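Read the figures in this text as sums done on the coordinates, not as results from a lab. Because the structure is predicted, anything quoted here is derived from the model rather than measured. FYI the Cβ positions are ideal-geometry reconstructions off the backbone, even for glycines, and counts take in every protein chain you see.
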Amino acid sequence: MTTPDSTTSTPVDSIDSAAAPWRSPKWTAVSSFGVFALILPLVLLRFGAGTFMVHLLITFFLWSVVAQSWNLVLGVSGIYSFAQIALFAVGGWFTGVLSMSYGWNPWLSLALAPIVTTVAALIIGLPSLRLRGVYVVLLTLAFHELLRNYVTNGPRVISGGGYGLIGVPRLDFGPFSGFSHLVPSYYLALGFFVVATFSIWWVFQSPIGVAFAALRDSEGYAVGRGIDQFRIKLFLFGFSAFFTGLAGGLMTHYLGSISQSIFAFSVLINVLAMIVIGGWGSFGGPILGTALLLGLQEGLRDLSDFRTLVLGLALASVAVLAPSGLWPKMRDGFRNFLDESPDVEDESEEGRDLLADPGDGSEHGRGAQSAAPG
Amino acid sequence: MSELLQASWGGVLAGSVYGLMAIGLTLIWGAVRLLNLAHGALYVAGAYAAWTVINIGLPLAVGIPVAVLAAGILGYGMHVTVIRPMLGRPGWDSASIIATVGVAIALQAATLLVFGPRVKQIPAVIPGSTVVSSVRISYQGLVIVLVAVVSLVALFLYLRSSRQGMAIRAISQHMDAAALMGVPVHRTYALVMIISAGLAGLAGVLLSSVLFLSPTSGFTPMIIALLVTIFGGLGSVKGTIVAAYLIGILESSVQVYLGGAWALPVLFLFIIFMLIVRPSGLFGVPEAQRL
């Protein structure tokens with residue numbers, strides 16, 4: 001925790017980057033990921049199953065952004081909002097209806113979708129954020145159900161007669177649409193994933209990030225130091241809705257449809273499982289969780305009916321046995337295995353894990369971090 | 001006039017069952033500070049247990065206690081596997097909600113695997129109905145109201161005067177103090193889980209003889225029970241019972257006057273309004289908010 005009062009006015013760059021090395025990303029890791037991700041579809045498409053793999057990767061990029069933004073609200077700032085899928089649907093429906101029924105250019109409606117979603121999130125957030133804990137769960141679930149009801153029974157343009165929107169125009173990639181629809185969609189989703197992930201990473205490291213870490217760790221102290229709880233929470237709510245809405249819009253245009261089944265409880269649970277199993281409150285957790293869950297879904301396809309059972313048991317056992325998720329566990333295991341001088345970046349992140357169990361060594365990380373500014 | 005009577009009868013019927021569901025939720029919340037999102041799954045489990053008993057030819061009168069027992073055993077199982085290992089650990093608030101969601105999914109998937117997706121119905125105890133000033137009242141409805149009211153009154157007396165009931169209340173008021181006075185905390189938690197799950201199972205059998213039964217049919221009653229608990233004030237038994245009947249009557253009036261599709265949306269709008277105006281519910285003590 002650097003100085004908590006930096007939230008109010010001090011800009012980021014005034015903090016000496018040498019004193020806070022975790023503020024700069026690991027460029028080698030990032031650039032090798034970039035090169036790998038850029039080449040991947042070109043390699044994959046040469047194989048028979050490659051088309052499906054690319055489709056799976058696009059799905060991964062979009063859902064992992066949803067999981068990451070929800071994690072920002074749920075895990076990092078501890079607002080038990082269950083409205084994230086509803087916001088995803090707002091984005092999808094907005095751009096879907098405008099481009100399909102009103103003949104808007106899909107790019108234009110897609111660009112407006114995140115803004116509309118953010119406004120919707122602020123409307124939901126204003127009453128929700130004045131409440132705490134369980135009350136927020138109920139209020140946001142109420143919004144979820146109200147929206148489901150509206151898109152099912154609402155005007156025909158929106159409900160599609162109960163079947164949702166079918167035949168939403170796909171994005172027009174102009175000269176690049178030559179090969180197939182898949183490749184440009186892949187690069188678009190990749191670009192979106194990179195921008196969203198970087199923004200979320202930036203929020204984690206920014207004064208706002210420091211402020212919500214402070215709020216979570218010691219609410220009384222943070223408020224005493226002049227952090228405006230309500231404003232910070234509302235900002236996070238809107239910020240996470242922005243990317244969620246955009247992901248919803250992209251998904252709708254990519255699949256060419258969106259239906260009421262997005263509101264099913266199982267979808268909500270799936271994304272929740274991504275966050276919890278991956279590691280809730282940590283930066284990398286939701287990404288790992290999304291990869292794991294999508295992989296699990298494909299891998300267990302033969303088990304069909306048992307899949308949900310396995311998912312439920314996995315969710316419960318992770319919550320009971322490793323409440324901070326697999327990401328911190330994996331990182332600790334990896335570090336113990338290598339047993340080299342610990343990396344500063346990882347060290348700092350560990351202190352940010354919401355449910356970090358003081359027993360499993362994370363106390364060390366937290367101590368090291370709070371020692372930095374003092 | 002007959003519409004008004006119709007609405008009130010429907011409200012009393014629905015309110016009785018919601019009361020059973022919601023009391024379970026509020027008891028767990030009061031004692032353990034746990035929002036049990038597996039409550040709907042326990043409801044379904046109870047109903048399926050009764051259905052199995054009826055299916056092999058035994059009467060519903062046997063099915064009802066079996067349902068309560070089956071759900072109670074599951075509740076005890078939850079206590080042993082989920083609640084006891086997690087209690088008192090950091091992050092209890094969020095981890096426990098997630099864990100109960102996991103249990104709910106697993107239970108729902110298990111019922112789907114065992115019983116299949118086809119909807120089932122539990123037969124009425126006494127078939128037939130009577131007409132009281134143009135309102136049709138089924139005998140089954142009367143049985144439901146009777147069983148629910150008797151159980152609620154019994155529970156109320158149990159909580160007020162029995163030794164275990166006092167232990168439960170002591171723990172909800174102040175866990176540490178209760179533990180220091182020699183109240184067996186873990187045993188009482190287990191007891192609360194069993195009672196609460198058993199009530200969910202009872203609600204499951206009763207409501208499934210009016211509605212249909214499928215592996216996912218516990219979700220809506222659970223959401224309404226949540227609305228009821230929050231409306232009544234989390235942790236308040238008296239508030240929950242009052243709120244259950246008010247919500248039941250509200251729901252059934254909306255169904256009578258506006259049509260069935262409006263019932264849930266109106267309830268949700270009502271609760272959103274309620275949470276904004278009076279977040280602690282009817283009889284709830286406002287949460288200590290020092291910040």
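Summary table
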item	result
Residue satisfying condition, being among the small types (Gly, Ala, Ser), surrounded by fewer than 16 Cβ atoms within 10 Å (Cβ to Cβ) and more than 27 Å from A:His55 (Cβ to Cβ), within set A:Gly154, A:Gly167	A:Gly154
Extreme residue, surrounded by the most Cβ atoms within 10 Å (Cβ to Cβ), among residues of the range A:248-274 that are closer than 21 Å to A:Gly91 by Cα and at the interface with another protein chain (Cβ under 10 Å from one of its Cβ atoms)	A:Leu272
Residue in the range A:141-160 that is more than 20 Å from A:Leu108 (Cα to Cα), among the aromatic types (Phe, Trp, Tyr) and touching a residue at least 40 places away in the same chain (Cβ under 8 Å) present	yes
Which listed residue, of A:Leu131, A:Leu139, A:Leu122, is closer than 25 Å to A:Ser69 by Cα and more than 14 Å from chain B (Cβ to nearest Cβ)	A:Leu122
Residues being of a type in the set (Phe, Trp, Tyr) and assigned to a helix (DSSP H, G or I) - total across the range B:185-219	2
The range B:35-64 residues that are in a helix (DSSP H, G or I), paired with ones that are charged (D, E, K, R) (beta carbon under 6 Å, 6 or more apart)	B:Trp51/B:Lys120
Residues of the range B:9-34 classified as part of a helix (DSSP H, G or I), surrounded by fewer than 23 Cβ atoms within 10 Å (Cβ to Cβ) and within 14 Å of chain A (Cβ to nearest Cβ), total	2
Qualifying positions in the range B:83-92 - more than 7 Å from chain A (Cβ to nearest Cβ) and part of a helix (DSSP H, G or I)	B:Ile83, B:Arg84, B:Trp92
Criterion: free of Cβ contacts under 8 Å to residues at least 40 places away in the same chain and closer than 29 Å to B:Val62 by Cβ - qualifying residue of B:Leu206, B:Leu211	B:Leu211
Output for the range A:189-216, where each listed residue is more than 17 Å from the chain's Cα centre (by Cα) and over 12 Å from A:Val76 (Cα atoms)	A:Ser206, A:Pro207
Single condition A:Ser159 does not satisfy, out of (1) part of a helix (DSSP H, G or I); (2) crowded, with 19+ Cβ neighbours inside 10 Å	(2)
Test: B:Ala177 is touching a residue at least 12 places away in the same chain (Cβ under 8 Å), outside any loop (DSSP other than H, G, I, E, B), over 18 Å from B:Ile144 (Cα atoms) and more than 16 Å from the chain's Cα centre (by Cα)	no
